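Visitor: Let me give you the structure first, and then I'll get to my questions.
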Ligand SMILES: *Cc1c(COP(=O)(O)O)cnc(C)c1O
Ligand code: SF4
């Protein structure tokens with residue numbers, strides 16, 4: 001069993017890096033990078049690299065799969081013809097601010113739009129950011145009232161942004177209120193915090209996540225190296241609190257676009273008691289074209305993993321349909337698996 005990844009960048013700072021010059025000072029930009037180009041990107045799309053992620057980046061490797069996810073690139077200001085601002089079409093399915101109701105039995109609640117890191121391929125990149133989208137208490141009450149009067153919804157999915165950026169107190173209040181709704185049977189949180197900022201998973205946060213009703217936490221991670229010793233400890237605190245862990249990943253060029261990288265990722269998840277749930281086809285958000293892996297290639301990659309790895313390591317490969325059509329299963333199909 002491989003050891004969890006050691007820190008590569010020994011200069012890494014103790015605070016989250018939030019602009020081009022901070023990245024340069026931390027030695028995270030390739031030699032010869034023009035800061036002006038990255039500042040132009042930063043003016044449009046938020047930047048954040050946590051100490052945990054900065055420490056994982058090998059600045060000497062121009063193809064580092066961690067750097068690729070978080071270090072901005074001037075290409076982000078070029079929108080390809082197929083790219084759209086709201087690729088998952090959340091806006092037309094929003095009955096009250098912060099809620100997205102697309103499927104009958106479950107709905108999203110986005111209490112804030114801040115994240116521990118800002119992923120360069122994010123499908124909500126036009127709206128996420130450090131000072132965006134924190135619902136006021138009044139808006140949260142209105143969202144809670146919507147859930148109370150919508151009995152078809154049995155599952156509340158907290159997403160954002162990253163719900164684990166809320167203080168344990170605020171999160172506990174919100175979860176208890178949702179869990180008190182009789183027709184809400186299960187709760188789910190989608191988060192990058194356990195890998196991107198594992199120090200946030202304190203005993204107080206774990207306690208806030210301990211509920212009478214089942215809570216599923218879907219951890220977003222895209223590379224085996226994100227499962228550091230600190231991340232593994234954070235995951236253990238979560239399972240210890242009775243949280244069921246699932247994994248979600250995005251298939252990304254230059255990050256995990258090989259059978260070996262995917263196998264490593266899914267095996268690392270399982271070692272952390274995380275069941276791979278979804279592998280997402282990249283959504284066409286603006287300026288993300290460099291991450292595209294064609295669906296046929298993704299199908300072949302997953303087919304190559306069938307039988308080679310335990311079935312527990314196999315996620316469902318899904319793609320968001322245009323115009324809010326929901327998630328479709330991409331494959332692989334019967335013929336792909338030989
Ligand atoms: C992805 C998504 C969900 C969750 O779908 P599952 O297939 O249950 O994981 C729920 N609501 C919206 C709007 C979504 O985009
Ligand atoms: S953590 Fe999720 S919501 Fe936040 S930037 Fe990354 S992909 Fe987007």
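Every number in this text was worked out from the coordinates using simple rules, so none of it is lab data. Keep in mind it's a predicted model, so treat the numbers as computed, not measured. Every residue, glycine among them, receives a Cβ derived from its backbone with ideal geometry; neighbour counts consider all protein chains shown.
Visitor: Any idea what the relative contact order of the stretch 298-338 is, in percent, if you count C-alpha pairs under 8 Å spaced at least 6 apart?
Guide: 46 percent
Visitor: While we're on this one: Which value at 222 nm does the chain reach when only helices count, each DSSP H run of 4 or more adding -39,500 (n - 2.57), with the total divided by all residues and rounded to the nearest 500 deg cm²/dmol?
Guide: -8000 deg cm²/dmol
Visitor: Here's something else I'd like to know. I need the shape label for the stretch 73-194. Rule: rounded when a/c is under 1.5, else prolate if a/b > b/c, else oblate, with a, b, c from the alpha carbon gyration tensor.
Guide: Verdict is prolate for the stretch 73-194.
Visitor: Still on this structure, please answer the following. May I ask you to derive the relative contact order of the chain, considering only C-alpha pairs under 8 Å and at least 6 residues apart, and to give it as an integer percent?
Guide: 17 percent
Visitor: Moving on to the next point. Give me the extension gain from residue 176 to residue 306: residue separation times 0.36 nm, minus the current Cα-Cα distance, reported in nm with one decimal.
Guide: 42.8 nm
Visitor: Which residue fluctuates most in the GNM of the chain (Cα springs below 10 Å): 240, 133, 272?
Guide: Highest fluctuation of the listed residues: 240.
Visitor: Now for a separate question. Please find, in a Gaussian network model of the chain (springs between Cα atoms separated by less than 10 Å), the residue of 91, 234, 179 whose mean-square fluctuation is greatest.
Guide: Evaluated over the chain, the most mobile residue of the options is 91.
Visitor: In whole angstrom, how far apart do the alpha carbon centroids of the stretch 197-238 and the stretch 118-147 sit?
Guide: With the stretch 197-238 and the stretch 118-147 each reduced to a Cα centre, they are spaced 21 Å.
Visitor: Nearest 5 percent is fine: what portion of the DSSP beta bridges confined to the stretch 91-336 is antiparallel?
Guide: 20 percent
Visitor: Something else about it: Order of 146-155, 54-63 by packing, highest average Cβ count within 10 Å first?
Guide: For the peptides 146-155, 54-63, the packing ranking is 54-63, 146-155.
Visitor: Where the centroid of each part is defined by its Cα atoms, how far is the stretch 257-289 from the stretch 293-338 in Å?
Guide: Cα centroid to Cα centroid, the span is 11 Å.
Visitor: Then there is this: Let me have the relative contact order for the stretch 170-300, percent, based on Cα pairs under 8 Å that are six or more residues apart.
Guide: Over the stretch 170-300, the number comes to 23 percent.
Visitor: Over the chain, with a Gaussian network built from C-alpha contacts below 10 Å, which listed residue (300, 43, 208) shows the highest mean-square fluctuation?
Guide: 43
Visitor: Right, something else. Which FRET efficiency, nearest 0.05, do residue 94 and residue 213 yield, Cβ-Cβ r, R0 22 Å?
Guide: So the FRET efficiency works out to roughly 0.35.
Visitor: Could you work out how far apart the two model spin labels at residue 142 and residue 336 are, taking each label as a point 7 Å from the Cα in the direction of the beta carbon, and quote it in nm?
Guide: Modelled inter-label distance: 4.2 nm.
Visitor: From the Cα gyration tensor of the chain, with a ≥ b ≥ c the square roots of its eigenvalues, which class applies: rounded if a/c is under 1.5, or else prolate if a/b is larger than b/c, or else oblate?
Guide: rounded
Visitor: Follow-up question, since we're still on this one. Calculate, in nm to one decimal, what residue 259 and residue 202 gain on full extension: separation in residues at 0.36 nm each, minus their alpha carbon distance.
Guide: Net length gain for the segment: 17.1 nm.
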